[in-house]
2 protein chains.
Amino acid sequence: MNDLPHGRRSRRPHRQAGAFAQMPWRIPVNTDRPTEPLPPEGVAAIHDGAMAILRDIGIEFLNDEALAIFRQAGCRVEGANVRMDADFVTEMVARAPASFPITPRNPDRRVEVGGRHIVFVNVSSPPNSWDMVRGKRSGDFSTFQDFMKLTQVFNCIHVAGGYPVEPIDIHPAIRHLDCIAAKLTLTDKVVHAYSLGRERVEDAMEMVRIAGGLTDAQFRETPRMYTNINSVSPLKHDFPMIDGALRCARAGQGVIVTPFTLAGAMAPVTLAGAVALSLAEALSAIALLQFAAPGCPVGLGTFTSNVDMKSGAPAFGTPEYMRATQMTGQMARFYGLPLRSSGVCTANIPDAQAMWETSNSLWAAVQSGSNLVYHAAGWLEGGLIASPEKFVLDCEVLQMIQRYMEPSLTATGPDEIALDAIAEVGSGGHYFGCAHTQVRYEQAFYAPIASDWRNFEAWEAAGAEDSIARAHRIANALIEGFEPPPMDPAIAEELAAFVARRKAEGGAPTDF
Amino acid sequence: MNDLPHGRRSRRPHRQAGAFAQMPWRIPVNTDRPTEPLPPEGVAAIHDGAMAILRDIGIEFLNDEALAIFRQAGCRVEGANVRMDADFVTEMVARAPASFPITPRNPDRRVEVGGRHIVFVNVSSPPNSWDMVRGKRSGDFSTFQDFMKLTQVFNCIHVAGGYPVEPIDIHPAIRHLDCIAAKLTLTDKVVHAYSLGRERVEDAMEMVRIAGGLTDAQFRETPRMYTNINSVSPLKHDFPMIDGALRCARAGQGVIVTPFTLAGAMAPVTLAGAVALSLAEALSAIALLQFAAPGCPVGLGTFTSNVDMKSGAPAFGTPEYMRATQMTGQMARFYGLPLRSSGVCTANIPDAQAMWETSNSLWAAVQSGSNLVYHAAGWLEGGLIASPEKFVLDCEVLQMIQRYMEPSLTATGPDEIALDAIAEVGSGGHYFGCAHTQVRYEQAFYAPIASDWRNFEAWEAAGAEDSIARAHRIANALIEGFEPPPMDPAIAEELAAFVARRKAEGGAPTDF
């Protein structure tokens, strides 16, 4: 199930052993003009709101180094509260690149975060998994590895993000070592590291350096990995996230800042207020990073949704989620920052509800001009479950989005208008047999991986599998047939030795 | 389950007996800028292609009256083939109104077809139904009535379109009489009539007139109903469709012209060619209608999708379908015509696949600026099945689209930016309790009808119903609790007498 050798690209769906045909690796280019619900004065109002929050109310940084940096920058620091002016924030944000690459150990898997690119990341951080045979259960390392195999196999997944499930059968002190080693060996794609303490971040950077066969200077010269940090909404940044972000930024690695502002809970019940709060939190951290490491690669994350009015629980894939994502997209372009959003849902199993919620999220990602789409495959139960079936079904939707963005679909040259073929077939004829069809037939349309397009009777005669059952079968076959991407044995040995040494040293402290 | 009395509108979700809360009746206004994949030269290329088809290749009209009209208009008629110049087509199309109302027997249910309005129509024309208990079976009148009840109950369904299932237990000669009578008594919404022979169209118009308590002049002064006609792609219009369209147009009733151009089968394998062919077919019929009845209300329909490369069967909700719909939307705006598209899928049951395909279709309807969305609730198996469960699930998605289009979501006034609330809550507080939340809480977010937003454990403890099971329960409850909308007994009597008389006369000939 490995992809093509490095340096080669297929222009056609790649048929592999096991007859698994999928679309080729490609970073889709989103040519759609973004959906922009805000008029210019709406953008200005939200910007002014975010700046007023940072100027008049301030935000807590529970990190002494950050406080010292803000003092040095001339911001007003009282206790942990930091207040800063719009001029400072604007000047710092302007230092950020509009777009940046991340180059993993396989350079053919490089992604560009920014511009019109849209990069898909696997599900990250659920504590549990669910599949149709075993039901819901706590995460373990074996399941973690299965998700990494799916992450590697699917060409439409570009980045191995956070842990698809939390492997609680590994002690937290050394969990990051086994997990990052598994990511780096089972995949050759861009990896993420959690900002959960100095040792974890430094270990991750060292392991990525080793896996890439890089010198320290080579590692630092361009982004090789990234971290994603969350604020503690409302208006607080904790110690380890800011610490990890500073370490990554100073090492030239990517940092995405994603406040989790749930309207009506950790943020105002009105979407504009929730977005303004989210921006204040994100921009203050980005300003910090740009002061500490000018020009470092950063992205603006959005995770603004609403609560369920009945239970107070988060709801995802809602109309409010879509609009908040689009509004944040407008703000990201206003600030010239890459945008991260998500492919999320509230549903507990990969049924109809899961897919309309996920479709809403993913189309909002497209409409907002998102550059990085987290949780794009495999997410359920508001992020409490990762599911292999959902992973496969989401990849079908992602492939369709990739196909949707191919310029050939909307080409209008003489060959596409096809007047000769129309004249040839005339009235009441059929296009199957004409030469215009025959030469284009095989590549003309999207070919699905998990959809069943047979009629009801043929589908029923073949066992009447629903989408979940089909996806279960596909996921199992892909995991069973998995072959890891090639890795130089010397590098594999060096990586294993690093993990062994750090385990012997005790790993990371677990009292954070 | 009846709606509010005429003339009153609720600004809040309407809670009815049986605790079925739904969004109020409203015609959504689509404020999103359409997604436009074609540059101006692409629009010109497709227009030129359609005009070249009509000028050089021609289109067959198997209707002598139509041929006589085209001759009178100066078009080149040879046998059934009609060729016409761009000037003629353009001049005729320019006669069509950009938007028109349709007023049913309950004037509060009037819809506007055009502008930025988006009107949702129930599933139309499947021969079969499917539900989770009875499986797939041929349509019958009882099932037809059940779908009409769902059509009436859901506020997000604005129009009672064609037959949700074909009731084969009623003789075709009199089927239209029972079906239209059922539509007119079980719903008070806009109804559609099939153009399948003179008697059926004339009977439908007379029944709509009677149900509205209208004189013949009142019936004709503004659209009270509509028909939808399909061409026989490629490049052919048959007798009864054109006959019915002419009858409706001359009576001032709406006509939607919807070619069914499946790329690779009845149309070129390239989307631009399929769209150009579709436009040639539609515009030629619209030109005919505008010559015969200048200014008559018409709409441009699109039903361009692709075939499954494996089986040759139609596939819906594909990337190709989405782009073809968006491209046709650009052309509809170029011609100044209202656009009809659809909410369609290929899946056989209302599972995950059904909903990503339907979501793709419905978001394409939004992105294309569609004014009338056929099959918006209940469609399965490429149109061969209508399902009550799918109907309920689709209505959830339609309600979310309606909610998505409410301007309040993206408002950015001081009350929405909410600086006072943000200052009040500060760092690390919670927004549940603050006054800003409390006064807005109940109406702040979308409240679902069929989604389950509980966590996994609560959902499992309550029976672990999947989306299909929940929708099944909801559909049954709505059908059982159904109360028809009020109708003046004298009108009901007149309608019944008309049906009885026409049945005694033998209905319509069945040899078409």
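Looking at the stretch B:34-56, I want the residues that are within 14 Å of A:Gly426 (Cα to Cα) and have a partner that is aliphatic (A, V, I, L, M) and not in a helix (DSSP H, G or I) with Cβ atoms under 6 Å, at least 6 apart or on another chain. Which pairs are those? The qualifying pairs are B:Leu54/B:Met84. Could you count how many residues in the stretch B:256-306 are closer than 18 Å to A:Ala435 by Cβ and surrounded by fewer than 24 Cβ atoms within 10 Å (Cβ to Cβ)? Counting residues in the stretch B:256-306 that are closer than 18 Å to A:Ala435 by Cβ and surrounded by fewer than 24 Cβ atoms within 10 Å (Cβ to Cβ) gives 1. Looking only at the stretch B:416-434, residues that are at the interface with chain A (Cβ under 7 Å from one of its Cβ atoms), surrounded by fewer than 17 Cβ atoms within 10 Å (Cβ to Cβ) and touching a residue at least 12 places away in the same chain (Cβ under 8 Å) come to 0 in all. Evaluate the stretch B:124-138: report whether one residue or more is surrounded by 23 or more Cβ atoms within 10 Å (Cβ to Cβ), at pLDDT 95 or above and closer than 22 Å to B:Leu337 by Cα. Checked the stretch B:124-138: no residue is surrounded by 23 or more Cβ atoms within 10 Å (Cβ to Cβ), at pLDDT 95 or above and closer than 22 Å to B:Leu337 by Cα. Looking across the stretch B:81-99, the residues that are touching a residue at least 24 places away in the same chain (Cβ under 8 Å) and touching a Ser or Thr at 6+ places or on another chain (Cβ under 8 Å) come down to B:Val82, B:Met84, B:Val89. Of all residues in the stretch B:119-147, those satisfying the criterion of being in a loop (DSSP other than H, G, I, E, B) and in contact (Cβ under 8 Å) with a residue 12 or more places away in the chain are B:Val123, B:Ser124, B:Ser125, B:Pro126, B:Pro127, B:Met132, B:Val133, B:Gly139, B:Asp140.
Just one of the numbered conditions (1) within 7 Å of chain A (Cβ to nearest Cβ); (2) crowded, with 18+ Cβ neighbours inside 10 Å is not true of B:Phe498: (1). Residues that are more than 14 Å from chain B (Cβ to nearest Cβ) and touching a residue at least 40 places away in the same chain (Cβ under 8 Å) number at least 1 in the following strands (runs of 3 or more DSSP E) confined to the stretch A:283-364: A:298-301, A:339-342. The set of residues from the stretch B:46-62 being part of a helix (DSSP H, G or I), farther than 16 Å from A:Gly413 by Cβ and facing chain A (nearest Cβ under 8 Å) comprises B:Ile53, B:Asp56, B:Ile57.
Take the conditions (1) surrounded by fewer than 24 Cβ atoms within 10 Å (Cβ to Cβ); (2) part of a loop (DSSP other than H, G, I, E, B); (3) touching a strand residue (DSSP E or B) at 6+ places or on another chain (Cβ under 9 Å); A:Leu214 misses just one of them, which is (3).
For the stretch A:251-276, the tally of residues that are assigned to a helix (DSSP H, G or I) and within 22 Å of the chain's Cα centre (by Cα) stands at 2. When the stretch B:399-414 is filtered for residues that are without any contact (Cβ under 8 Å) to a residue 60 or more places away in the chain, part of a helix (DSSP H, G or I) and within 7 Å of another protein chain (Cβ to nearest Cβ), the ones remaining, listed by number, are B:Met400, B:Tyr404, B:Leu409, B:Thr410. When A:Thr437 is tested against (1) over 27 Å from B:Arg55 (Cβ atoms); (2) without any contact (Cβ under 8 Å) to a residue 40 or more places away in the chain; (3) hydroxyl-bearing (Ser, Thr, Tyr), just one condition goes unmet, and that condition is (1).
The set of residues in the stretch A:477-511 that are touching a residue at least 40 places away in the same chain (Cβ under 8 Å) and under 30 Å from A:Arg134 (Cα atoms) comprises A:Ala477, A:Leu478, A:Ile479, A:Gly481, A:Phe482, A:Glu483, A:Pro484, A:Pro485.
Please tell me if A:Tyr335 is at pLDDT 95 or above and surrounded by fewer than 24 Cβ atoms within 10 Å (Cβ to Cβ). For A:Tyr335, the condition - at pLDDT 95 or above and surrounded by fewer than 24 Cβ atoms within 10 Å (Cβ to Cβ) - is met.
Please go through the stretch B:191-220 and pick out each residue that is among the acidic types (Asp, Glu) and out of contact with any Leu (no Cβ under 9 Å at 6 or more places or on another chain). Those that are among the acidic types (Asp, Glu) and out of contact with any Leu (no Cβ under 9 Å at 6 or more places or on another chain): B:Glu199, B:Glu202, B:Glu206, B:Asp216.
Scanning the stretch B:225-273 for residues that are on the phi > 0 side of the Ramachandran plot and within 14 Å of chain A (Cβ to nearest Cβ) yields B:Leu235, B:Gly264.
The values are calculated or read from the model by the stated rules, or taken from the named source; none is laboratory data. Just so it is clear, the model here is predicted, and its values are computed rather than measured. A quick note on method: Cβ atoms are made from the backbone with ideal geometry, for glycine too, and the neighbour counts reach across all protein chains shown.
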